[in-house]
Amino acid sequence: MFDFDSIIELLKVEPGHGFIQSILLAMIWWSSRGVRKEIHQLGENFTDMKSNHELRLNNIEGRLTVLEKPKGE
């Protein structure tokens, strides 16, 4: 996206360094918004995966209770 050397050169300039810091802070803020969205998506995926595993465990428990019942019942 940006060349690292050019960013370093911009930081070395004395006049207007507040503007450059504002741009860098805006870039950090925009990238952190993307990270928050990805973390939220991972949380949703984890919740879905957890519910799928719980459903599978309930199915296995149901099968085990059928196998554990005596043949006379």
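Computed extension gain for Glu38 through Leu67, at 0.36 nm per residue and net of the alpha carbon distance, reaches 6.1 nm. Using the Cβ of Glu54 as centre and a radius below 12 Å, the other residues enclosed give a net charge of 0, where K and R count +1 and D and E count -1.
For a Förster distance of 35 Å, can you work out the FRET efficiency between the beta-carbons of Ile28 and Lys50, rounded to the nearest 0.05?
E(calc), rounded to 0.05, equals 0.60.
Laboratory data are not the source of any read-out in this text; all were calculated from the coordinates shown. All values reported here derive from a predicted model rather than from experimental measurement. Don't worry about glycine lacking a Cβ; one is built from the backbone with ideal geometry, like all the others, and counts go over all protein chains shown.
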